[in-house]
1. If you check 219, 285, 293, which single one turns out to be farther than 23 Å from residue 92 by Cα and in contact with a Ser or Thr (Cβ under 9 Å, 6 or more places away or on another chain)?
2. Among the listed residues 54, 44, 76, which satisfies the condition of being closer than 20 Å to residue 96 by Cβ and in the same structural domain as residue 174 (by TED's automatic domain parsing)?
3. Go through (1) away from ligand 1 (no atom under 16 Å from the Cβ); (2) at pLDDT 95 or above; (3) in contact with a strand residue (DSSP E or B) (Cβ under 8 Å, 6 or more places away or on another chain) and name the single condition residue 195 misses.
4. Using beta carbons and a limit of 9 Å, which pairs, at least six apart or on different chains, have the first residue in region 251-263 and in a loop (DSSP other than H, G, I, E, B) and the second one acidic (Asp, Glu) and within 10 Å of ligand 1 (Cβ to nearest atom)?
5. Within region 270-323, how many residues are surrounded by 12 or more Cβ atoms within 10 Å (Cβ to Cβ) and free of Cβ contacts under 8 Å to residues at least 12 places away in the same chain?
6. Hey, can you tell me all the residues within region 254-271 that are within 11 Å of residue 168 (Cβ to Cβ), within 14 Å of ligand 1 (Cβ to nearest atom) and among the small types (Gly, Ala, Ser)?
7. Of the numbered conditions (1) assigned by TED's automatic domain parsing to the domain that holds residue 92; (2) under 22 Å from residue 309 (Cβ atoms); (3) more than 16 Å from ligand 2 (Cβ to nearest atom); (4) not small (Gly, Ala, Ser), residue 174 fails exactly one; give the number of that condition.
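The values are calculated or read from the model by the stated rules, or taken from the named source; none is laboratory data. Only a predicted model underlies this, so the values are computations on that prediction, with no experimental measurement involved. Here the Cβ positions follow ideal geometry from the backbone for every residue, glycine too, while neighbour counts run over all protein chains shown.
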Amino acid sequence: MAKPLVGFYWCASCGGCEEAVVDLAEDILKVVDAVDIRLWPVAMDFKRADVEAMPDKAFAVCFINGAIRTEEQEEMAKMLRKKAGLIVAFGACAHLGGIPGLANVANRKEVFETAYKTTRSTVNPDGKFPKTEVQLSEGIGKLTLPEFYDTVKTLDQTIDVDYYLPGCAPPPDLIMQAVTAILQGKLPPKGSVLTVDKALCETCERNKTKPDTLAIKDIKRISEVIADPEKCFLAEGIICLGPATRGGCGERCINANMPCRGCFGPTKEVKDMGAKFLSSLASIIDSNDEKEIEKVADKVIDPIGLFYMYSLPSSILRRKKGE
Ligand code: SF4
Ligand code: SF4
């Protein structure tokens, strides 16, 4: 019997999600045995034209990682939507915008100015910036680049998405569970995030050490202290996004004595992760004095970068005013 065709594609991402597939270790042999991988640019040589020539819905499923930042990524996502029965947003960047989505605090002009002009390591005396088209000498033709959009988008702000595999990167056990569920046709309702729908704090071992009423007088950065490996970070005054983040990751950061930064995104009932965490934080600052509260709150050096580290494009804010 013909095996189901599967594709992996990457957009604006770091490549970590591709590593996560390799991290399946010997389980990858089970995947390779059960499916026929027909697109995986990071690992194998497939041509866009070959995919374009495939009939619609030829792929049983395509896993797309990365946010959508360029014209080419948008085109590929739209093409794969047509060619695949199921689309899974794979990892935090496709799901929520991820770290590349933090670029939405700037516009394209500012991103280019920083990348090609003002960074100390840049040498660009002629002030040249990338262009979508460059005419070469006569007879040679032109070179083109895809357009770099002003705004970073999540995958579902670009195409219809069937399922979400959260995480930066998704843990191997969740990937295996998702692949097995797809192969067996045992999938939850469309639009589901393929993990538990409860807050990370509910499964975190350190929750036991959280006092009934949390109250903090100070906020400490994780780089400034040696955190007690047994105690709840928040109770120690170290920002941990566990209350606003969906569980299911196996508490990977917590087990490495690092606070959660929210890569699994919010649970179903949370509309905006950053706002939810901000409200949790506001309720635990132990003071009624405005000046004192301000002093504690000021310890958060980069609120957007911290509270929306993975989720800015999917948040209510979405971005700073455009170009
Ligand atoms: S705030 Fe962080 S450390 Fe504390 S219980 Fe929640 S996830 Fe665990
Ligand atoms: S602890 Fe938080 S940041 Fe770390 S993997 Fe889990 S959800 Fe992601």
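1. 293
2. Exactly one residue qualifies, and that residue is 76.
3. (1)
4. 251/205; 260/251
5. Within region 270-323, residues that are surrounded by 12 or more Cβ atoms within 10 Å (Cβ to Cβ) and free of Cβ contacts under 8 Å to residues at least 12 places away in the same chain number 4.
6. The answer is 262, and nothing else.
7. (3) is the only condition that residue 174 fails.
Residue by residue, here is whether (1) surrounded by 14 or more Cβ atoms within 10 Å (Cβ to Cβ); (2) acidic (Asp, Glu); (3) farther than 17 Å from residue 313 by Cβ; (4) touching a Ser or Thr at 6+ places or on another chain (Cβ under 7 Å) holds:
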residue	(1), (2), (3), (4)
141	no, no, yes, no
153	yes, no, no, no
161	yes, no, no, no
176	yes, no, yes, no
179	yes, no, yes, no
187	yes, no, yes, no
193	yes, no, no, no
196	yes, no, yes, no
